[in-house]
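Take a look at the structure below.
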Amino acid sequence: MMISVTNVRKMDFEAVPVDAFWNAGDELELRMHRIHAYPAKFPAFITTKALGYAKTRRMRIRRIADVFCGCGTVALEAKRNQIDFWGCDINPVATLIAEAKSRKYQTCRLERYRNSILDAWPEIKAEGDSYRVANDRLRYWYDKRRYDDLLRLQAAIESVVPSRGCYRQFFLCAFSNILKSTSRWLTKSIKPQVDPGKKPANVLRAFKEQCRFMIDANAQSDLSGYSHVEIVTRNFLDTSMDCPRVDMIVTSPPYVTSYEYADLHQLSSLWLGYAEDYRDLREGSIGSLQHIYNFERELKRLNSTGAGVVFSLLQTHKRIARSVAKYFLDMQEVAKRAYGMLRRGGMALFVLGNTEYRGVRVDNARHMAESLLESGFATVHVTKRKISKKILTPYRDSEGRFSSDANGRRVYGEEFILIGRR
Ligand SMILES: C[S@@+](CC[C@H](N)C(=O)[O-])C[C@H]1O[C@@H](n2cnc3c(N)ncnc32)[C@H](O)[C@@H]1O
C-alpha cells in the first residue's frame with residue numbers, strides 16, 4: 001500500500017506499513033548479479049517490481065536510469081527487459097562492474113581468452129624489486145608472493161585481451177573480485193581491516209574459480225534482445241554533465257556516516273590505476289565524511305527536515321552534524337536533478353533507510369520526500385519494505401558503527417520506497 005505525502009510535517013513515516021509486494025522477488029536472481037562483491041547492493045527484484053508498478057499506472061518505459069548505479073543491478077535488469085539504460089556512478093570500480101554485467105559475451109571467446117591468460121602467466125616474470133617499489137598501501141595489504149602473482153596476472157590479462165571492446169573489462173572485473181581474498185583484508189569485514197591470522201588465497205586458483213563462475217553466469221543471462229546501455233563514471237551532481245531524458249529512475253542513494261566507498265574499493269582502485277592515493281576518490285562522493293565546505297553559509301539552504309536533524313546533532317556532535325548537513329544538501333540537489341531528467345509523467349523511485357547516529361535519528365526518508373516535493377514532483381508516495389538480514393548488517397554499536405551484534409541498535413530492518421511522479 002502506498003501512502004501519498006503532501007505535507008511531510010504532518011506525516012508519521014514510522015507508522016507507514018510494510019508492503020509485502022516490495023519484500024521479495026518472484027524468481028531467482030541471475031548469477032550475473034553476484035559476479036563481484038559490492039557494498040549496499042540492492043536486490044535485483046526491485047527493478048522488476050518498479051516496472052510492474054509502472055505498468056499498473058499505464059506507463060510505457062523505454063529508458064530507465066540509475067543515477068547511483070553502483071555495481072549495475074538496475075543496468076542488468078533493464079537490459080534483460082530490453083529497456084534502454086543510463087547509469088552513473090562516481091566510483092570507477094562500480095562502473096567497471098556495471099559495464100561488465102550488462103554486456104553479453106560469447107562463451108567461446110571468454111574461454112579462449114581465459115586459457116590464453118593462464119598460458120601467458122608462467123611466461124611473465126615479476127621484476128626483482130617490484131614489491132619494494134610498490135605503492136605503500138598495496139605493500140600493506142599483500143605479501144610479496146601474492147603481490148608479484150597479481151602483477152603477473154594483470155600483465156597477462158593486458159597482453160592477451162585487447163583494450164578495445166568489452167572483453168578486457170570482463171577479465172579486469174574477475175581480477176578485481178579476487179583482490180580481497182588474496183590480501184590480508186579480514187574476509188568477513190567490508191571495512192578495511194587487516195586479519196593478522198589470515199592465509200590469503202592462491203592468486204591463480206582464485207582467478208580460475210572466479211572466471212569459471214563468471215563464464216557460467218554470463219551463459220545463464222539471456223541478454224539477446226537489443227537495448228542500449230550507457231554507463232558513465234561521473235559525479236551525478238556535476239552540472240556540466242548532460243543527463244538524458246528518461247521515463248523512470250530507480251536508485252538507492254548512498255548513506256551518510258556509514259561507508260567511505262573510496263576506502264572500501266581501495267584494492268581495486270590502486271591495482272587498476274584509478275588513483276595513486278585511494279582517498280582522492282572520496283571527493284564528490286555523497287555521504288563522505290571528508291567534505292570541505294562553508295557550513296555556516298550553506299546551512300540556510302537545508303530544508304526543514306534537514307535543519308531539524310542537523311540542529312539536534314550540533315548540540316553534541318559538531319563534526320558529524322557538518323557531514324550530515326552536506327549529505328542533506330547534496331540529496332536536495334539530487335532530487336532536483338532527478339526531476340530534471342524525467343519526461344512528463346515519469347517516475348523516480350528511491351530506496352533508502354533511516355539511520356541513527358548516537359541517539360539522533362537521521363530521517364533520510366522524510367528529508368527525501370520533502371526534497372522531492374520541493375523539486376516539483378507532483379505527487380510523492382511512500383511505502384516500506386523489509387530487508388533480508390543477509391543483505392545488510394542491521395545493527396549499530398555504541399559508537400554508531402555497523403555491527404552484527406544483536407545488542408546494538410537496530411537500523412535498516414526496514415527501508416522506505418519513495419516514488420515521485422513528475
Ligand atoms: C547504495 S550504493 C548503490 C548500489 C546499487 N543500487 C547496486 O545495486 O549496486 C550508492 C552508490 O552511490 C555512489 N555515489 C556516491 N556519490 C555519488 C555521486 N556524487 N555521483 C554518483 N554516484 C555517487 C557510490 O559510489 C555507490 O556506488
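Tabulated data for the structure shown
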read-out: Wholly enclosed strands (runs of 3 or more DSSP E) of the range 328-386 bearing at least 3 residues more than 16 Å from the ligand (Cβ to nearest atom) and within 23 Å of Thr48 (Cβ to Cβ); value: 342-352, 379-386
read-out: Qualifying position, being more than 16 Å from the ligand (Cβ to nearest atom) and free of Cβ contacts under 8 Å to residues at least 24 places away in the same chain, among Ser227, Ser163; value: Ser163
read-out: Counted residues, the range 278-302 - those being within 30 Å of Asp136 (Cβ to Cβ), free of Cβ contacts under 8 Å to residues at least 40 places away in the same chain and part of a loop (DSSP other than H, G, I, E, B); value: 7
read-out: From the options Met241, Met248, Met214, residue that is open to solvent by less than 20 Å² (accessible area, probe 1.4 Å), within 11 Å of the ligand (Cβ to nearest atom) and over 15 Å from the mean Cα position of the chain (by Cα); value: Met241
read-out: Qualifying residue in the range 91-98 (condition: away from the ligand (no atom under 12 Å from the Cβ) and surrounded by fewer than 24 Cβ atoms within 10 Å (Cβ to Cβ)); value: no
read-out: The lone exception for Thr47 - which of (1) within 10 Å of the ligand (Cβ to nearest atom); (2) surrounded by fewer than 20 Cβ atoms within 10 Å (Cβ to Cβ) it fails; value: (2)
read-out: When residues of the range 252-274 are limited to those that are at pLDDT 95 or above and under 18 Å from Arg139 (Cβ atoms), the one surrounded by the fewest Cβ atoms within 10 Å (Cβ to Cβ); value: Gly273
read-out: Count - residues of the range 4-13 that are surrounded by fewer than 15 Cβ atoms within 10 Å (Cβ to Cβ) and in contact (Cβ under 8 Å) with a residue 12 or more places away in the chain; value: 3
read-out: Given (1) within 30 Å of Gln210 (Cβ to Cβ); (2) modelled with pLDDT under 95; (3) surrounded by fewer than 17 Cβ atoms within 10 Å (Cβ to Cβ); (4) away from the ligand (no atom under 12 Å from the Cβ), index of the condition Arg103 fails; value: (3)
read-out: Candidate set from the range 251-274 (those that are in a helix (DSSP H, G or I) and under 22 Å from Val351 (Cα atoms)); member that is nearest to the chain's Cα centre (by Cα); value: Tyr261
read-out: Asp129 being away from the ligand (no atom under 16 Å from the Cβ) and under 22 Å from Arg60 (Cα atoms); value: no
read-out: So Thr305, is it assigned to a helix (DSSP H, G or I) and of a type in the set (Val, Ile, Thr); value: yes
read-out: Residue within the range 4-27 that is closer than 28 Å to Ser288 by Cα and within 16 Å of the ligand (Cβ to nearest atom) present; value: no
read-out: Subset of the range 340-371 (residues that are open to solvent by 10 Å² or more (accessible area, probe 1.4 Å) and within 21 Å of the chain's Cα centre (by Cα)); value: Asn354, Glu356, Asp363
read-out: Helices (runs of 4 or more DSSP H) wholly inside the range 134-205 containing at least 3 residues that are assigned by TED's automatic domain parsing to the domain that holds Tyr113 and within 21 Å of the chain's Cα centre (by Cα); value: 167-177
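Residues are listed down the side, and each one gets a yes or a no for (1) at pLDDT 95 or above; (2) of a type in the set (A, V, I, L, M); (3) in contact with a Lys or Arg (Cβ under 7 Å, 6 or more places away or on another chain); (4) not assigned by TED's automatic domain parsing to the domain that holds Gln82:
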| residue | (1), (2), (3), (4) |
| --- | --- |
| Ala15 | no, yes, no, no |
| Ala20 | no, yes, no, no |
| Ala24 | no, yes, no, no |
| Leu28 | no, yes, no, no |
| Met32 | yes, yes, yes, no |
| His36 | yes, no, no, no |
| Phe42 | no, no, no, no |
| Leu51 | yes, yes, no, no |
| Met59 | yes, yes, no, no |
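The values are calculated or read from the model by the stated rules, or taken from the named source; none is laboratory data. The shown structure was predicted, so the numbers you read here are calculated from the model rather than taken from an experiment. Using ideal geometry, Cβ is built from the backbone for each residue, glycine included, and neighbour counts are taken over all protein chains shown. Remember, those area values only see protein heavy atoms, side chains included, never the ligands or the DNA or RNA. Shrake-Rupley method; radii C 1.70, N 1.55, O 1.52, S 1.80 Å.
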